[in-house]
1. Return one number: the angle in degrees, 0 to 90 and rounded to the nearest 10, between the long axis of the Cα atoms of helix 133-146 and the longest principal axis of the Cα atoms of the chain.
2. If you average over every viewing direction, what projected area does the convex hull of the Cα atoms of region 50-91 give, in nm²?
3. Show me the three semi-axes of the equivalent ellipsoid for region 312-456, from the C-alpha gyration tensor (sqrt of 5 times each eigenvalue), largest first, rounded to whole Å.
4. Over all directions, how big on average is the projection of the convex hull of the alpha-carbon atoms in the chain, in square nanometres?
5. Once you compute Rg and the Kirkwood Rh from C-alpha atoms, what is the Rg to Rh ratio for region 267-348?
6. Two decimals is fine: what's Rg over Rh for region 1-115, C-alpha atoms, Kirkwood radius as Rh?
7. So what is the diffusion coefficient of region 190-296 in µm² per second by Stokes-Einstein at 20 °C and 1.002 mPa s, using a Kirkwood Rh over Cα pairs?
8. What is the angle, in °, between the Cα long axis of helix 76-101 and the longest principal axis of the Cα atoms in the chain? Nearest 10 is fine, range 0 to 90.
Ligand code: TXE
């Protein structure tokens with residue numbers, strides 16, 4: 001049985017039977033049988049089901065937000081934001097799928113015609129994370145279903161109720177039961193799923209699990225996409241509006257209680273404004289309301305996973321032992337049964353410290369003073385990750401020059417912690433393989449089939 005607990009207080013919300021080797025296999029076989037008919041349906045029919053799914057999200061938004069908040073601990077306003085943000089992503093897929101997947105004639109001469117057709121991969125596995133279950137799940141299952149695939153969706157064990165809600169809504173919208181199946185359970189069920197001969201593996205989660213998954217399926221030469229973590233840096237130049245930059249970056253570091261793949265995880269500040277920036281930043285952080293996730297005014301909630309408390313404690317202790325100064329937080333909060341960590345700001349940090357090198361995934365930030373643009377670029381690139389990176393400056397040419405040198409899948413000028421459905425979402429190095437979103441994130445759920453047609 002899988003116990004679903006409320007991370008704010010440890011109370012058990014639900015006990016659910018987990019999938020087994022047999023049930024995973026049965027769902028795979030059913031998906032394999034059902035997929036051809038789904039792929040053969042007109043695209044307009046599949047898009048109509050996605051449109052009804054969107055209507056279902058709108059109709060049930062309050063309840064869905066409450067479920068997400070109860071099992072993940074996401075502050076309720078942020079749960080609503082995620083669901084509202086999801087609508088824009090669905091709209092993008094609805095608008096762009098037909099054009100993206102249309103067959104293309106690329107040659108027609110002397111009785112020879114060549115065309116490219118985008119055909120679905122088949123049955124795909126979607127193993128997902130808990131921190132933005134609607135976003136990261138839908139980045140895969142919406143375009144995958146629209147393109148004619150069957151999807152075996154394993155939500156994170158920390159977002160199972162949300163995963164089941166998604167399944168129910170899709171089925172009520174007209175997606176056949178066997179074309180979208182939810183698998184309940186943790187890593188063990190993920191391992192069972194990967195034993196099946198799926199035609200694509202689409203994973204969102206941590207680097208260690210992503211690596212394990214890539215290794216598990218390597219010999220099968222199956223398509224694998226990995227959307228993994230980050231240690232996302234931002235450099236604040238000396239010409240900025242200090243208060244505005246501090247407010248924007250404090251939000252980028254602490255939103256979703258710091259549990260975003262593209263959370264700001266390291267800040268480098270030009271020495272000329274360092275002290276003023278730090279003062280403004282700490283003031284922002286101290287203004288964040290920590291509290292019950294169901295409370296409308298809460299900005300920082302509990303950590304979703306109890307294990308992360310130890311990671312944060314270790315990062316603080318390591319940094320302080322090596323000379324960092326703690327200006328806010330640095331400790332757990334005494335709220336019985338839950339996993340709570342106070343919003344934390346460390347200064348006088350450097351790259352010998354874990355807090356500047358390893359993904360924190362919590363409400364904690366290291367701020368490091370730098371003397372030049374070159375030093376900032378060198379430090380931003382001194383990482384095993386490469387998801388996002390940002391620069392705050394009034395000077396567009398300087399921003400372009402700096403961001404061109406930074407190794408990251410997404411770069412930000414005067415903004416952070418931002419994802420757009422119109423742009424590809426991808427990471428370098430330990431941040432991943434492949435991409436979602438943008439029109440490329442639709443085509444990725446298909447393979448090009450080449451037609452050579454001689455009429456006589
Ligand atoms: O990951 P985990 P989490 C990243 C984020 C952070 C991580 C947090 O930066 O690093 O995700 O998510 C299943 N075989 N991103 O804690 O623990 C597990 O049950 C098969 C990046 O959920 O790696 C869960 O469903 N499956 C991002 C899933 O793997 C296994 C956006 C992920 O678990 C397994 C959001 C196994 N051996 C978060 N072990 C981006 N870049 O877009 C576990 N699982």
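What follows draws every value from the coordinates through simple rules; no lab data is involved. The structure presented is a predicted model; accordingly, all values stated were derived computationally and were not measured. As a convention, Cβ positions derive from the backbone with ideal geometry for all residues, glycine included, and neighbour counts pool all protein chains shown.
1. Approximately 20 degrees, to the nearest ten.
2. Details: hull surface 10.6 nm².
Directional mean of the projected Cα hull area for region 50-91 stands at 2.6 nm².
3. Over the Cα atoms of region 312-456, the semi-axes work out to 38, 22, 14 Å.
4. The number I arrive at for the chain is 23.3 nm².
5. With Rh from the inverse mean 1/r over Cα pairs, Rg/Rh is 1.01.
6. 1.15
7. D, rounded to a whole number, is 127 µm²/s.
8. In the chain, helix 76-101 runs at an angle near 40 degrees to the longest axis.
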